[in-house]
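Report on one structure; see the data block that follows.
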Amino acid sequence: MKEQRPRTAAEIAEVVQGNLYGDPATMICGIASIEEARSGDITFAESPRFLETAQRSMASAILAPLSAVSSGDSKVVIGVENPRLAFAQLLDLFAPEVYATRGVHPTVVIGSDLQYGELVSIGAQSVIGENVKLGKNVTIHPLCYIGDNVEIGNDTVIFPHVTLLHGTRIGSRTIIHSGTVVGADGFGYMMVGGQHRKVPQIGTVLVGDDVEIGANCTIDRAKTGVTSIGEGSKLDNLVHIAHNCQIGKHCLIVAQVGLAGGVHVGDYSVFAGQSGAVEQAHIGTRSVVAGRGVVVGEIPEGSFVSGFPARPHKEMMRQQAAQARVPDLIKKMRELEKRLGELEKEKPSA
């Protein structure tokens, strides 16, 4: 369990590998924004302008860019090359650990042939199916459903009310937040005799290592084969990944994104909020789809697209700028028509 205690400015400087200016024995009890900081807190100043504001705050210490720090600062200052990274390190340092008692709660329902490593925790009233394999230090919070033949890697955390349906495989050090369902049937139907006939979905879902999946996401199993989420990828809340999608490594999928069946997303790509892709679309590596953009077809590596259908962002901006001028053009055209009519009236008859 992570030890929660005050730390000296010297200890914090060592954690973030920064240069310390001021009293190294200053005690730091927490981390806060400039507006909310109180005595005993360390705050974050991203630029010289914010550093001046932070100096006037109640904070006991400031994390700031190394280039902006001077020895004459009135507060304790820790200068670092990358303030955002250092701030994230301190957030992790001071964050309270979500503690779960190790072991299996007596109310858990367990199927046959459960295999699990040391330091596993399974919370109250969870249901574990048959032939489930859990790695070391896996945490399953209360009220989860883990279906038959599910595999979960080491150090993975499953929050309450998560459903992992049969055959799902989850990597190591992955986090799945409440309300998420992994492995539901893909949306597959065919019209037969005037009715929608369900097409069986017999594939599975593979979630890689170091993935984080937000609350209330849905990741559907493949029709055949695998729906996959690559290692290091992060999904925000309310994301839908349809059957047979292939999400690459270290992708960012922001809230309310919907990807239709068979979409392929290259490594390090980003889908901004409320964007999406139609069936079988292909997104090249290191591409960005702007908010509410919808990819139709294929976009090449390194693209930045927006709109529906998504096209290069600069092109979309020019189009929108042109559309904004249309009312003025219509007004001018009507004025010209009116003037032309007046000229026709003034024209002497032959």
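The values are calculated or read from the model by the stated rules, or taken from the named source; none is laboratory data. It should be emphasised that the depicted structure is a prediction, and the values quoted were computed from it without experimental measurement. We place every Cβ from the backbone using ideal geometry, glycine too, and count neighbours over all the protein chains shown. All accessible areas refer to the heavy atoms of the entire protein, side chains included, with ligands and DNA or RNA removed. Shrake-Rupley method; radii C 1.70, N 1.55, O 1.52, S 1.80 Å.
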For the chain, Rg(Cα) over 2.2 N^0.38 Å is 1.38
Considering only 267, 113, 210, give the residue with the highest GNM mean-square fluctuation for the chain, with springs between Cα atoms whenever their separation is below 10 Å. 113
Give me the extension gain from residue 332 to residue 58: residue separation times 0.36 nm, minus the current Cα-Cα distance, reported in nm with one decimal. 92.7 nm
When the chain is treated as a GNM, springs tying every alpha-carbon pair under 10 Å, which of 281, 184, 32 comes out with the largest mean-square fluctuation? 32
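Distance cut-off 32 Å, Cα to Cα: go down the list 136/249; 198/314; 75/234; 133/249; 133/223; 223/314 and report the pairs above it. Provide the component values of the computation, followed by the final result.
Details: 136/249 24 Å; 198/314 42 Å; 75/234 37 Å; 133/249 24 Å; 133/223 24 Å; 223/314 37 Å.
Going by Cα-Cα distance, 198/314; 75/234; 223/314 fall outside the 32 Å limit.
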Estimated dipole of the chain in Debye, rounded to 20 [Cβ of Lys and Arg +1, of Asp and Glu -1, Cα centre]: 1220 debye
Using the scaling law 2.2 N^0.38 Å as the reference, what is the normalised Cα Rg of the stretch 92-162? 1.06
Could you order 250, 243 so the one with the most accessible surface comes first? Probe is 1.4 Å. 250, 243
If a helix is a whole DSSP H run, which ones in the chain reach 24 Å or further along their own axis (Cα) and hold a mean Kyte-Doolittle hydropathy of at least -1.0? none
Determine, for each peptide in 40-49, 306-315, 95-104, the mean count of other beta carbons within 10 angstrom over its residues, then list the peptides with the highest first. 40-49, 306-315, 95-104
In whole µm²/s, the translational diffusion coefficient that Stokes-Einstein assigns to the stretch 1-44, given a Kirkwood hydrodynamic radius over C-alpha pairs, 37 °C and 0.692 mPa s, equals 296 µm²/s
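About its Cα centre, how strong a charge dipole does the stretch 193-288 have in debye, to the nearest 20, once Lys and Arg get +1 and Asp and Glu get -1 at the Cβ?
Magnitude of the dipole: close to 400 debye.
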Within-13-Å neighbourhood charge of residue 113 [Cβ basis; K, R +1; D, E -1]: -2
At q = 0.12 Å⁻¹, what is the log10 ratio I(q)/I(0) for the stretch 180-272, with the Debye formula run over Cα points and no solvent? -0.35
Just in the stretch 119-211: which trypsin sites (Lys or Arg not before Pro) are loop by DSSP and have at most 15 other Cβ atoms within 10 Å? 136
